[in-house]
Structures are given as C-alpha cells and as structure tokens.
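Asks: Pasting a structure here, questions to come.
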Amino acid sequence: MSFLRIAAVSKSFAANTVVKEFDLPVNKGEFISFLGPSGCGKTTVLRMVAGFETPSSGSIVIDGQDVTKLPPNRRRIGMVFQAYALFPNMNVFDNVAFGLKIAKKPKAEIHSRVMEMLKLIHLDHLAERYPYQMSGGQQQRVALARALAPKPQVLLLDEPLSALDAKIRVSLREEIRQIQRQLGITTVFVTHDQEEALSISDRIVVMNGGRADQIGTPSEIYNHPQTRFVASFVGTLNLIDAKVTDTSTNTILIGDQQVSLKKPLGKTNGETVTVALRPEAGSPAEGAKGDVRISGKVTSSHFLGSVIRTRLDVGGATLSFDMFNDPGVTPAVIGETVTLKFAGDDLMVVAD
C-alpha cells in the first residue's frame, strides 16, 4: 500500500487548468522526482501535497489519512524552497529550531534535535552564525535541516538547487540523497534538470502540460521513453520520422535505408512513426553481423570534451552519434560516408 497517494488530482485557476487528473502512489521511503519544463504543473502538484494549494478535484492521502482539506501545519510535511527562506534575524540554531518552538517542544528536546540535524548536515560548528555569513550551499543545508527537525512524514523539495553553482549543485544533491536514505523519509523533489532527476531518484515523473507523460525508474525513462516529449526532454536524442514498410519483419524506412527492429511496431504498412535513438548507442561498423546498420554522409563533427559528436545525412534524415574522445580515435571527415551499427533494441518507436 502506498504511503503517499496523489489521487486523480486536478487544479484550475479560473479557466486555466494547470494540473489534469494527476495520479501517483508513492511508497514509504521512496525518492520521487517531478521533472519537466517551466509551467508543466510540477510545483503546483507539490504545493497541493504541502497544503498551500487546494485541489479542484481529487485527493491527497498520507499514511492512510485524507489530508486534502487539512492546513499545512497539520500534515507533518517538511518543505525546502528554491529560495532559502531563512529568517535573517535568527542564527543557524534558531532557524533550525523554529518549527520545534512553534510545536512547543521542551527546551532540552529542541537543543538535542537541532544539534542532531546540524551534525547531519555537517554544520554543527556554525550554529551561531547568521544566514548572511554563509554561502548559498550552506544556507540551503540549513533550510534542509529546518525542514527535517520536526520529524515530518514527507519531505518536499521545490527546485532547491537551482540557485547554486554547478559544482555545489552536484555535491548537495548527493548529500540530500544520502540524508534521505539515512532517514528513510518519503521524498518528492521538483526539478527541471534532467541530470539531477536521473542521478538521485528511485522513480521519475516526467510532466508535460499538467499531466504525467511517463512514470518510471531513471533507467526506464532514459532508455525506454514512451512519448516523443519524454524522448526529447530527457537526454540528447535523435528523433527521426520513418515509414513502416513491412510489419511482418518490423521493417521501417529511415531516409533511404531499410531497417528492421526487434519489437513489433503496432502499425500498418505505410504509416509514419517516430524513431528515437541515443547518440551514444551507435559505433562504427567493423564487420560484425546481426547488428542494425545505418550509413550516412558526415555533415559536421564537434569536439565536446569527453566525446566527439558527428552528424550524418541519411538520405535526407539527420542522425548524430557520439564517440569517446580517445587518443586512438580518428574523427570522421566531413563528406565521407560512415556506417554505424546499433543493437536492434537501441532503436525505439515512440508515441507522439
């Protein structure tokens, strides 16, 4: 049975429906990320779970209790915002202690819990400092400790890393995940950053236009996107229009070349399908049999640090592939013809 259940929730502001029949069960201790572009509804869903917005329809259930109409302070929710939202007139200790003081906990319990949280985030030596004396990463750690101090049932994080620089984002997201695992707290994390979602989530909800386009593990989302939107939003991907030529052999026409896929197409001959293919999936063919092969003329080659990305013209269709930047690798020359090989299941047909 799910610990957190977002059940067929919709939200409208006047005539504008921003969340549409959103449904998601979340297991106890699970780390879920809502991933999507700005305006897709991910923060609105989070705010409905927190109690800052009321669903137009549907319900929110936490640990078997319907909390849809309960105010935020009665939901046992901890929330971390994009802006650190620390009280500038309070030091670190008092910021973390704030929720415990509101709950009228005994002084000894407050001190013990605050120091426990500060040790958890490795800032116990900065308990007397004020927010303006701390870096952005340190302030966000304090905000996390404040959210966790009252022992919430669910932790909500609304793009908590977006205001930080790249290196701090990477280290802090790993720290958040480590703390979440250590505490075993059910967590929902909102982000527009695909790398963040892929690196720390148990499951990802890819949102588009107020709906969940796909829900799955990071591997499922990346390797087996179900829609064109998911395929294009998560990672770098070739999206190629192809025509079905023979359903009995799952054969399609990409540019001017016939290619057979492993999985049934579920289409009829003559229909157009969208084929998704990761750039890293292809490699130069070296005589191996049984692979899918696609040939094309090199139109460009770009050095991207760890990889060299080469673009091919395949009978009018464009196909990019990556090769590791290895001293023994010779970059393709513009104008030459290159044949690539792929595993049959590297080519995926996705829905529009």
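The values are calculated or read from the model by the stated rules, or taken from the named source; none is laboratory data. What you are looking at is a predicted structure, and each value in this text was computed from that prediction instead of being measured. Note that each Cβ is placed from the backbone with ideal geometry, even for glycine, and that neighbours are counted across all protein chains shown.
Asks: Are there any pairs, at least 6 apart or on different chains, whose C-beta atoms fall under 8 Å, with the first in the stretch 330-351 and of a type in the set (S, T, N, Q) and the second assigned to a loop (DSSP other than H, G, I, E, B) and surrounded by 13 or more Cβ atoms within 10 Å (Cβ to Cβ), and if so, which?
Replies: Thr339/Ala285
For every residue, the table says whether it meets (1) in a strand (DSSP E or B); (2) closer than 19 Å to Leu144 by Cα; (3) not assigned by TED's automatic domain parsing to the domain that holds Leu157.
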site: Glu21; (1), (2), (3): yes, no, no
site: Gly29; (1), (2), (3): no, yes, no
site: Phe34; (1), (2), (3): yes, yes, no
site: Thr44; (1), (2), (3): no, no, no
site: Pro55; (1), (2), (3): no, no, no
site: Pro88; (1), (2), (3): no, yes, no
site: Arg129; (1), (2), (3): no, yes, no
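Asks: To continue, here is another question. Considering only residues that are of a type in the set (Val, Ile, Thr), assigned to a helix (DSSP H, G or I) and touching a helix residue (DSSP H, G or I) at 6+ places or on another chain (Cβ under 6 Å), which ones fall in the stretch 94-123? Lay out the reasoning, then the answer.
Replies: Step one: of the stretch 94-123, the residues of a type in the set (Val, Ile, Thr) are 96, 102, 110, 114, 121.
Narrowing further to those that are assigned to a helix (DSSP H, G or I): 96, 102, 110, 114.
The answer is Val96, Ile110, Val114.
Asks: Here's a follow-up. Starting from the stretch 115-141, keep only residues that are over 22 Å from Gln180 (Cβ atoms), then list their pairs with residues that are aromatic (Phe, Trp, Tyr) whose Cβ atoms are within a distance under 6 Å, requiring at least 6 positions of separation or different chains.
Replies: Correct list of pairs: Ala127/Phe93.
Asks: Out of all the residues in the stretch 209-225, which are within 13 Å of the chain's Cα centre (by Cα) and either surrounded by fewer than 20 Cβ atoms within 10 Å (Cβ to Cβ) or under 14 Å from Gly29 (Cβ atoms) (or both)?
Replies: Listed by number, the residues that qualify are Ile215, Gly216, Thr217, Pro218, Ser219, Glu220, Tyr222.
Asks: Is there a residue being without any contact (Cβ under 8 Å) to a residue 24 or more places away in the chain and either of a type in the set (A, V, I, L, M, F, W, C) or buried (at least 19 other Cβ atoms within 10 Å of the Cβ) (or both) anywhere in the stretch 266-287?
Replies: No, the conditions are met nowhere in the stretch 266-287.
Asks: Pick from the stretch 270-303 the residues that are in a loop (DSSP other than H, G, I, E, B) and in contact with a helix residue (DSSP H, G or I) (Cβ under 8 Å, 6 or more places away or on another chain): which of them is modelled with the lowest pLDDT? So that I can check it myself, show each step before the final result.
Replies: Pass one, the stretch 270-303, residues in a loop (DSSP other than H, G, I, E, B): 270-271, 278, 282, 285-291.
Now narrow it down to the ones that are in contact with a helix residue (DSSP H, G or I) (Cβ under 8 Å, 6 or more places away or on another chain): 278, 282, 291.
Details: Arg278: 89, Gly282: 81, Asp291: 73.
The selected residue is Asp291.
Asks: When Asp165 is evaluated against the numbered criteria (1) in contact with a Lys or Arg (Cβ under 9 Å, 6 or more places away or on another chain); (2) surrounded by fewer than 17 Cβ atoms within 10 Å (Cβ to Cβ), which criterion, by number, is the only one it fails?
Replies: (1)
Asks: Say whether the condition of being closer than 17 Å to Gln82 by Cβ and assigned to a loop (DSSP other than H, G, I, E, B) is met by at least one residue in the stretch 171-194.
Replies: Yes, some residue in the stretch 171-194 is closer than 17 Å to Gln82 by Cβ and assigned to a loop (DSSP other than H, G, I, E, B).
One line per residue, one yes/no per condition, for (1) surrounded by fewer than 20 Cβ atoms within 10 Å (Cβ to Cβ); (2) more than 22 Å from Ile215 (Cβ to Cβ):
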residue	(1), (2)
Ile6	no, no
Phe22	no, no
Val26	no, no
Glu30	yes, no
Leu35	no, no
Thr54	yes, yes
Gly58	yes, no
Arg76	yes, yes
Asn89	yes, yes
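Asks: Test Ala108 against the criterion of being small (Gly, Ala, Ser) and within 27 Å of Gly51 (Cα to Cα), and give yes or no.
Replies: Values: small (Gly, Ala, Ser): yes; within 27 Å of Gly51 (Cα to Cα): no.
No: the conditions fail for Ala108.
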